[in-house]
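The values are calculated or read from the model by the stated rules, or taken from the named source; none is laboratory data. Note that this is a predicted model, so its numbers are computed, not measured. Note: ideal-geometry Cβ built from the backbone for every residue, glycine included; neighbour counts use all protein chains shown.
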Amino acid sequence: METLQDIMTAPVLTVAPDNSVGHALGIMEQEKLSALIVAENRKPLGIFTERALIQIRAGGTIDYSWPMHKVMSSPPLTASVDMDYREAYQLLLQHRFRHLVVTDHDGLLMGIITGTDFLSHLGLEYFMEFKSVGQVMSRDVVTLKSSLSVYAAMRLMNDRRISSLVMEDNGYPMGIITERDLLRLIHSKKDLKSIVLQEVMSTPVQTVFSDVSSHEAARILTKNKLRRLVVTNSSGHCVGIITETDMVKGLRTSYTDHLRGVIQQKDQQLQQVKQQIEEKAILDSMLRSTGDMAISIMDLDLTIRIHNQAA
């Protein structure tokens, strides 16, 4: 059984509750982090994510001198280091989170789990169930014209709770902007309303055909340290997008199968115990009904296992 100890990212960078937002953004941009844990004496107190930053900025201005305890999500979602990784994924789904803080049995920080950690530890056998990208991709791709402002893109991403937007022209993907791009732009303190997407979008877009194997898509993501790929057809038109989240959705089925196996095993053990109890009850009844006759029952090694009082 693989646990969080086996797949987590560790050690992790942290900031103190009194550190400024500006300081935290600098660390996240430099280290390319999607989240930063706020901790004190190895006790995780909160977490600050790219999505939280976008939510704050889309709602108005942000003061870079604010202390982290003012903007962090608290308490963070945590799990023990010895939790089965499939159970941990189910926990993230249940709470609709993308980051899981890993702690030891004393509640002290050990590491962090993201979609990247799940994906990089899935073997080839996992992807046998999902043969092609087209089977797991999201077909509802949110697109925007590259002539619109970064601020408009940020508002749309916040409203739709999505991690990226594709810039398209007549169905062709021309560029992409992600949460990571927005973090960098917000940290630069530039006027997002005056910057058009064409100036800052990532281009060319990393694409993959829908008939490519899901395992190959996972390899591309991991190799290039990407979190998504735009999916195109043979004509080059955008037909979907596949993210780390899409790639690891099968873990839900895996966890269900795991629980089913555990239940079956427990049921078999219960039936064995029940059978043993019934057999012992029958033997006890037989021994009591023999009166003064001495009866002993031995195993193949001639060791006496059961006997009545007369024996």
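List of remarks:
- For segment 120-175, the tally of residues that are closer than 17 Å to THR245 by Cα and among the hydroxyl-bearing types (Ser, Thr, Tyr) stands at 6.
- The residues on offer are LEU93, LEU165, LEU156, LEU183, and the sole one that is touching a residue at least 12 places away in the same chain (Cβ under 8 Å), closer than 21 Å to PHE209 by Cα and not in a loop (DSSP other than H, G, I, E, B) is LEU165.
- Test result for LYS189, touching a Phe, Trp or Tyr at 6+ places or on another chain (Cβ under 9 Å) and either in contact (Cβ under 8 Å) with a residue 12 or more places away in the chain or not assigned by TED's automatic domain parsing to the domain that holds THR116 (or both): yes
- Residue match in segment 47-64 (condition: within 20 Å of the chain's Cα centre (by Cα) and surrounded by fewer than 18 Cβ atoms within 10 Å (Cβ to Cβ)): yes
- For segment 91-112, filtering for residues that are closer than 20 Å to ALA16 by Cα and in contact with a strand residue (DSSP E or B) (Cβ under 9 Å, 6 or more places away or on another chain) leaves 12.
- Evaluating ASP169 against the criteria (1) modelled with pLDDT under 95; (2) over 13 Å from LEU197 (Cβ atoms) leaves one unmet condition, (2).
- The residue that is nearest to the chain's Cα centre (by Cα), among those in segment 119-143 that are surrounded by 20 or more Cβ atoms within 10 Å (Cβ to Cβ) and at pLDDT 90 or above, is MET137.
- Taking segment 1-88 and the strands (runs of 3 or more DSSP E) fully enclosed by it, no element has 2 or more residues that are β-branched (Val, Ile, Thr) and in the same structural domain as ARG227 (by TED's automatic domain parsing).
- Condition check for MET174 on (1) farther than 19 Å from ARG51 by Cβ; (2) buried (at least 20 other Cβ atoms within 10 Å of the Cβ); (3) among the hydrophobic types (A, V, I, L, M, F, W, C); (4) more than 19 Å from the chain's Cα centre (by Cα): one failure, at (2).
- Residue in segment 71-84 that is within 21 Å of the chain's Cα centre (by Cα), within 18 Å of ASP181 (Cβ to Cβ) and without any contact (Cβ under 8 Å) to a residue 60 or more places away in the chain present: no
- The single condition from (1) part of a loop (DSSP other than H, G, I, E, B); (2) surrounded by 15 or more Cβ atoms within 10 Å (Cβ to Cβ) that THR116 fails is (1).
- Scope segment 220-238; condition surrounded by 13 or more Cβ atoms within 10 Å (Cβ to Cβ), farther than 16 Å from MET167 by Cβ and over 25 Å from the mean Cα position of the chain (by Cα); matching residues: ASN233
- Members of segment 84-105 that are among the aliphatic types (A, V, I, L, M), over 17 Å from GLY46 (Cα atoms) and buried (at least 19 other Cβ atoms within 10 Å of the Cβ): ALA88
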